[in-house]
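> Below is a structure I'd like to ask you about.
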Amino acid sequence: MAGRAGDASPRLPPVTRHLLAIACLFMLTGCDAGPPVATPPIIPGTDARPREVNIIAKDWIFLPDRVDVVAGETVLLHVINGGLDIHEAVIGSAAVQDAWEAAEAATVGSPPGPTPLVSVSPDVAGLRIVVASGQRVDVTWTVPATAGKGFSVGCHIPGHWAKGMVVPINLLQPSPHE
């Protein structure tokens, strides 16, 4: 095919140009993700068949941006550390989060990560899962009825909480299809 004078690039036939333009339009319309997808109804886990829930810790965030559970259900938490630093997933109320934040503050300046010396009173311990970089830790947890009252998942390795490494626990109603 002939190009324009002084242009060494070939010209595409009109049909090909139209097909490329249509393909580009389809690709551009596919970029709009639309509204977020709602969480499907949850069928609560039981002791015999816990519902699996993934919590991914990355550097300074947890995924998903909230953890949906049903009071009284049993879940198998898969806490996966996809970040470079050690992380922890502390599950509990604001009092639990405050207790772990204060306890971990004592380790500032130590090598990254929790030490065996870090602990809190059992009445505010919540559930604490420590995960090294690139690792996964599985824990079975029965969701207390109080989980909807300000429960969250937080990381208290020094500086992580301050960088926003916390997500809420959202208490849902069970699916009517149980």
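> Over the Cα atoms of the range 47-134, how large are the radius of gyration and the largest Cα-Cα distance (Dmax), in Å?
13.9, 44
> Would you calculate the separation in nanometres between label points at LYS163 and ASP98, each defined as 7 Å from the Cα along the Cα-to-beta-carbon direction?
2.6
> Using 7 Å Cα-to-Cβ label points, what is the GLU52/VAL124 separation (nm, one decimal)?
With each label point 7 Å from Cα toward Cβ, the separation is 3.6 nm.
> Under a plain spin-label model, where a point goes 7 Å from the Cα along Cα-to-Cβ, how far apart in nm are ARG11 and LEU172?
Calculated label separation equals 5.8 nm.
> Could you calculate the contour length gain from ASP59 to ALA71, that is, 0.36 nm times the residue separation minus the distance between their Cα atoms, to one decimal place in nm?
1.4 nm
Each value in this text was obtained by applying a stated rule to the coordinates, not by laboratory testing. Fair warning: this is a prediction, and the values are worked out from it, not measured in the lab. Cβ: placed from backbone, ideal geometry, glycine included. Neighbour counts: every protein chain shown.
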